[in-house]
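Enquirer: Just dropping this structure here.
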Amino acid sequence: MAKDKNAPRYDKQGARRVMRKRDYLSDFSGQLALGLMANIVGQLNYFYTDKVGLAVGSVGIILAISKVIDAFTDVIAGNLIDHSKGGDHKYFKWILPQIIPAAAIVVLMFTVPIQAGQIPGVIYALVTNLILSAGLYTFIATPFAAVMTVRTRSLSERGSIGLFRAIANYGAGMLISILTIPVTNMLGGTQSAWIKYGVVLAVLVFVLFAVCCRNGMKSKFACDYEEEETDGQPEEEEEPVPFKEAMTMLLKNKYWVIILLFNLITSITSGIAASGGTYYCKWIFGNDNLVGIIGAVGMLATVVGFVLSKPIIAGLGIKRTISIGLLGAAVLAGIRCFVPTNFAVYVVTSLLGSFVQIPMMSLYGVLTSMTIDYNEWKYDKKLVAMSGGAIGFGSKVGNGLGAAVLSAFLAIGAYDATLEVASTSMTYSIYGFSNYLPVVINLIMFVIFLKFDLEEKLPKMREEIAARRAAKSEAK
């Protein structure tokens, strides 16, 4: 008998599968655009110190302030979105108005008025960082993160969305790391070259967000199918929870706190790594163009890692996948501590480090959605946008701390961009944030995540949630 292509499909937990290929493609496009924005911000430390000439200490303060304020706007944005009307379809309505300004600010980031002096340059850099990170990026990323939870109830499909988002995010990072320094150097290596590069990125960001919104606003969500199955009765829209009460709920959700800390600490590492590799190549290996070569080689690990991510996660489970990723990254960074000037060792450990952490990166969105399910089980409130926004708080503070830590290491090492060869203090400061610190950070993350046991408990919780929903429906 021929299989009915229109027949409902369900996962192993009995949740209906609703995602189509174009849904994954549009979701991928949105995450790729966000990744390009986030990763180009990661290059600003090097741009400000070596291309614009801003003082190292000032750069650290700029990036730290913008990220800390950005973190608070994540929480505010989540609360505003949760209190807005429109049910599960409201999230793309928040994203759409931001995409043209988002493209514009990508260019404006590089138009620092260097001729006006240090103080105007610092003020301009701070304001543009705040507009991008604390404003536009936040009001796109927060509703976009919530879409994963509301679009489908299937953990399997959420896992696939998480994988595609991780590929997009990591791919954006690879594109930025491979292309930024070689392309801007090819264009002359000046501020003007970076502005031209920013224009191209801005156009790409706009197109990707447009694809995401166009398809996302037309797609059917899990709630649409549930409405069809219940004779047109939509799921009751969740009553907004006051900000203080919502934060109290979240802080009593130990799994949410673990993911908050996990995002905070991993973001410190990524914040340092975003610019750290360029400093390493320029001063330790003597050629900043090597960062593009290392990024290109890393593509191999990226492709293999993402191909194997799904079977690795399926075989190991969520907790063990993350534990192996963290321990592997710590060991590989530890190897570099003993042979810091060997280019081959640096490339191999970086490549393997990417490989062991890619499956872990694929799970960030899944982990957040699991904490939202726990909210619903414990409080009968999902707190979708606020959960994602408040966890984004950890990511933003972590990125800010990462930039501040990087600048602090450079300042302690008496960094001087005008030197031909790195001084001893500069060399050891670069070793510090590139090799020694990742060992410590990954081991701390490993210890924190030992208490995350939600993976085993969630199936039973989801059954109880479903029974609760059914009882409410019968009562009506």
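The values are calculated or read from the model by the stated rules, or taken from the named source; none is laboratory data. Because the structure is a prediction, the values reported are computed rather than measured. Cβ coordinates were reconstructed from backbone atoms using ideal geometry, including for glycine residues, and neighbour counts include every protein chain displayed. Remember, those area values only see protein heavy atoms, side chains included, never the ligands or the DNA or RNA. Shrake-Rupley method; radii C 1.70, N 1.55, O 1.52, S 1.80 Å.
Enquirer: In segment 298-336, what residues are touching a residue at least 60 places away in the same chain (Cβ under 8 Å) and surrounded by fewer than 14 Cβ atoms within 10 Å (Cβ to Cβ)?
Expert: G317
Enquirer: Let me ask another. Would you check if G162 is more than 26 Å from I69 (Cα to Cα) and not in a helix (DSSP H, G or I)?
Expert: no
Enquirer: Tell me whether segment 339-357 contains one or more residues that are under 17 Å from I258 (Cα atoms) and either among the β-branched types (V, I, T) or modelled with pLDDT of 85 or more (or both).
Expert: no
Enquirer: While we're on this one: For segment 284-298, which positions are part of a helix (DSSP H, G or I), touching a helix residue (DSSP H, G or I) at 6+ places or on another chain (Cβ under 6 Å) and either more than 16 Å from A273 (Cβ to Cβ) or of a type in the set (G, A, S) (or both)?
Expert: Within segment 284-298, G292, G295, A296, G298 qualify.
Enquirer: Could you tell me which of the residues S58, S26 is in contact with a Cys (Cβ under 7 Å, 6 or more places away or on another chain), in a helix (DSSP H, G or I), touching a residue at least 24 places away in the same chain (Cβ under 8 Å) and hydroxyl-bearing (S, T, Y)?
Expert: Unique residue meeting the criteria: S26.
Enquirer: Check segment 306-316 and report whether any residue there is in contact with a Leu (Cβ under 9 Å, 6 or more places away or on another chain), at pLDDT below 80 and more than 16 Å from G353 (Cα to Cα).
Expert: Taking every residue of segment 306-316 in turn, at least one turns out to be in contact with a Leu (Cβ under 9 Å, 6 or more places away or on another chain), at pLDDT below 80 and more than 16 Å from G353 (Cα to Cα).
Enquirer: Still on this structure, I have one more. Suppose we filter K51, K85 for residues that are open to solvent by 10 Å² or more (accessible area, probe 1.4 Å) and in a helix (DSSP H, G or I); which single one remains?
Expert: Exactly one residue qualifies, and that residue is K51.
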